[in-house]
Amino acid sequence: MSQDKATVTLGTSGETAEFQIIGGTKGIPVVDIGTLYKQLGVFTFDPGFLSTASCKSDITFIDGEKGILQYRGYPIEQLAEKSSFLEVAYLLMNGELPNSQELSGFRDEINEHAMLHEALRSFFEGFHYDAHPMAMMVGVMGSLSAFYHSELDMEDPEHRKISALRMVAKVPTIAAACYRHSVGWPFVYPRVDLGYCENFMNMMFSLPSQQFIGVDHYIDPVAIKALNILFILHADHEQNASTSTVRLASSTGANPYACIAAGISALWGPAHGGANEAVLSMLSEIGSVDRIPEFIARAKDKNDPFRLMGFGHRVYKNFDPRATIIRETCHEVLAKYSNNDDPLFELALALEEYALKDEYFIEKKLYPNVDFYSGIIYKALKIPVDMFTVMFVIARTAGWVSHWLEMMSEPNHRIGRPRQIYTGYDSREYIPEDQR
Ligand code: CMC
C-alpha cells in the first residue's frame, strides 16, 4: 500500500486538503476522496466513471494498456486453454480453483438446481411469441425473487451461496426456455449426464421426436470447445456497466435475483453485451465486401452516428486479450461449419482485415473486441441472432453473482448514491393551471 498523498487546493478560496493515495495488489493507484465534501464542501464530477474506482475487489484484474485479464490472479489465456466454464465459475465465486472433489460437488449442486419451478412456465406463457429473449430473461430472472424471497437471509453466507448457485445453475435453462418459447417448442429439462455447455445446447435444440436437430453441435467437440471458451472469456470483466449495476442495486439490500435482473438489463445495450447482436445487424446492413469502404468512411464521420460494432473498448486500448483468444477459435469454427455458404462470414473476415489496416482505427487503437468474434461464432453454431446477448448473460451470471457475494460479505458496505451537478431552473413559484 502506498503512503503517498494528493493535495487538493480550491482555486477560489485557496482552502487545501490532503487525501491518501491508496493501491491494491497491483494496478493504477487511487486517490481516496471519500472525505472531499466533508473537508472542502465540493463533489467530484466524472460522468462515465472515466477516472473513478467504485469499490475494492479481489475478483478480476485488468490492465487495459497491456491487454491483461486475470481471474483471481490466473491469466485468461491459461484458463481459456486449460479450464472449463464450471471450474472458472467456481474460481470466481470461491476465490480458489476447486480440487477434484470440490469440482465434482459443485457440478452436482449445479445439476441439482438447474431445473425450473414448474410454475415458471406460466410466466413464459405471458410473453408474446416474438418477445425479445433478453426481455424474457430480465422478467424471468427477476421473477425468481418471487420464488425464493422468503428463504433468504442475506446475513447468512450459506443462504447467499445457494442463491448464487441457483442463478448459475438455472440461467442456461431459462435462456433455452426463452428460445423454445419463441419457436413454440416444448421446454426441455436439464440432464445430469451432460456437461454445462452440452446441456444448454440440448435444451436449445433437442426435440421430443428426435434427439437433436440441425447440426450435431452438442456432441461436436469443436462447438462445445468454442462455447466453453466463450463462456470463460465472458464470465467476468470487473466493474463494467452491468456488474456495476448489479453492485449498485445490491447496495440497497435488494433481493439478489432482482439485482441480477438489473444486470441483465444493463448488459442488453449495444455499447455493452448487445454488441454481438449489433455486429450481425451491421454485417447484414453492409451486405457485401465491396461496400466495406463506404461503411468504414461512415464510422469515421463525426456527423454520422454509425459506429463499427465490435470495435473499440473502454478499457483495452491496445488489444482485447479475449479477442486474441477467440479469433483463433472463430476461424476454427468457421472452417468447420460455415461451408462457405454464408457470405456473412466472408464479409466479417474482410471487414476485420480492412479495419485493422485503416489509419483511423490504428491511430485510435480501435481493434476488434471479443464481441466481434462471439457473434460470428454463435451464428455459425446456429444460435439465433437475438439470443446472442442471452449467451453473454449465461456466462456473465457467474461474474455478477461473484461480485454480489463479495459485496454482501463485506461488513460495512454502504448504499451506492452518486451526486450530481444540477443544471435545471433556479427556484420559481408554482403557476396555477389556468395561468400557464
Ligand atoms: N467505430 C468508430 N469509431 C469509434 C468506435 C467504433 N466502434 N469506437 C470508438 N470510436 C472513436 C470515437 O468516436 C472516439 O473518437 P474521437 O476521439 O475522435 O472522439 C474515439 O474512438 C474514442 O472512443 P470513445 O467513444 O471515447 O470510447 P469509449 O471508451 O467511450 O467507448 C465503446 C468504448 C466500446 C463503447 C466504443 O468503442 C463503441 O461504441 N464500440 C462499439 C460497440 C462495441 O463493440 N461494444 C462492445 C464492447 S466489448 C463487450 C463488453 O465488454 O461489454
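The values are calculated or read from the model by the stated rules, or taken from the named source; none is laboratory data. Computed from a prediction, not measured in an experiment: that's the story for all the values here. Cβ: placed from backbone, ideal geometry, glycine included. Neighbour counts: every protein chain shown.
In the set (1) outside the structural domain of M201 (by TED's automatic domain parsing); (2) in contact (Cβ under 8 Å) with a residue 24 or more places away in the chain, Q70 fails one condition alone, (2).
Just one of the listed residues (E77, E81, E109, E65) is farther than 30 Å from E198 by Cβ and either more than 18 Å from the chain's Cα centre (by Cα) or within 16 Å of the ligand (Cβ to nearest atom) (or both), and it is E65. Of the residues in the range 292-308, at least one is out of contact with any Phe, Trp or Tyr (no Cβ under 6 Å at 6 or more places or on another chain), away from the ligand (no atom under 12 Å from the Cβ) and part of a helix (DSSP H, G or I).
Here's the yes/no breakdown for (1) part of a helix (DSSP H, G or I); (2) hydrophobic (A, V, I, L, M, F, W, C); (3) in contact with a strand residue (DSSP E or B) (Cβ under 6 Å, 6 or more places away or on another chain):
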{"residue": "F123", "(1), (2), (3)": "yes, yes, no"}
{"residue": "D130", "(1), (2), (3)": "no, no, no"}
{"residue": "A135", "(1), (2), (3)": "yes, yes, no"}
{"residue": "G139", "(1), (2), (3)": "yes, no, no"}
{"residue": "L144", "(1), (2), (3)": "yes, yes, no"}
{"residue": "E151", "(1), (2), (3)": "no, no, no"}
{"residue": "M154", "(1), (2), (3)": "no, yes, no"}
{"residue": "H159", "(1), (2), (3)": "yes, no, no"}
{"residue": "I162", "(1), (2), (3)": "yes, yes, no"}
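Restricting K365, K379 to those that are modelled with pLDDT under 90, more than 30 Å from I162 (Cβ to Cβ) and part of a helix (DSSP H, G or I) reduces the list to K379.
Here F45 fulfils each of the conditions (1) at pLDDT below 95; (2) more than 21 Å from A235 (Cβ to Cβ) apart from (1).
Considering only residues that are of a type in the set (A, V, I, L, M), within 10 Å of the ligand (Cβ to nearest atom) and assigned to a helix (DSSP H, G or I), look in the range 267-281 and name the one that is nearest to L351 (Cα to Cα). Only one residue fits best here, namely V279.
Among the residues of the range 333-371, those identified as farther than 18 Å from N276 by Cα, among the aliphatic types (A, V, I, L, M) and within 15 Å of the ligand (Cβ to nearest atom) are L356, I362. Do we have any residue at all in the range 379-392 that's within 16 Å of the ligand (Cβ to nearest atom), surrounded by 18 or more Cβ atoms within 10 Å (Cβ to Cβ) and either farther than 28 Å from N240 by Cα or free of Cβ contacts under 8 Å to residues at least 40 places away in the same chain (or both)? The answer is no; no qualifying residue exists.
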